[in-house]
Structure formats: C-alpha cells, structure tokens
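Below you'll find the structure, written out as structure tokens, and then a few comments.
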Amino acid sequence: MGKCCEHPYSINSESWGPRVNTRSLQSDTKLNQLQGQVDDVVDIMKNNVNKVIERGDRLEDLQDKS
C-alpha cells in the first residue's frame, strides 16, 4: 500500500498518532517554566519598588512633622 499524500498520521508506522518533535516540546516546556520564573521575579520586584515608594512617602511625612 503506497502513500497517497503526506499527513501527520501514519498507519504503517510503529506507533499510531501524530508525529511530534519531542525535543521541541521539551524546549517549549523549559521555556514556559523559565518564563513563569521570570514573571514571578518581575512581580516580586514590582512589589518591592512599591514598598520602597511607600516607605519614602512615610519618611517624608515624618520629616514634615518634625
């Protein structure tokens, strides 16, 4: 039986299903994990900057009161 057209499914292969580049998937998973970590760090940094700004405002208020 010959192939009539190219498609992601192959009946004559050892495993049934789409042909998937697992290295690409592993790379995507690692990139997604790294992006998640970067997003977490960015959120923490933004929170820290806001805290510093609030602290500065409180220090200015104390200086004005003294």
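The values are calculated or read from the model by the stated rules, or taken from the named source; none is laboratory data. In this text, all values refer to a predicted model and were calculated from it rather than measured experimentally. Cβ sites come from the backbone with ideal geometry, for glycine too, and all protein chains shown count toward neighbours. Ligands, DNA and RNA are excluded from the accessible area calculation, which covers all protein heavy atoms including side chains. Shrake-Rupley method; radii C 1.70, N 1.55, O 1.52, S 1.80 Å.
Remark: spin-label model distance residue 35-residue 63 equals 4.3 nm, labels positioned 7 Å along the Cα→Cβ axis.
Ligands, DNA and RNA aside, residue 30 has an accessible area near 130 Å² when probed at 1.4 Å. Stretching residue 46 away from residue 28 to a fully extended chain increases their span by 3.8 nm, per 0.36 nm per residue minus the current alpha-carbon distance.
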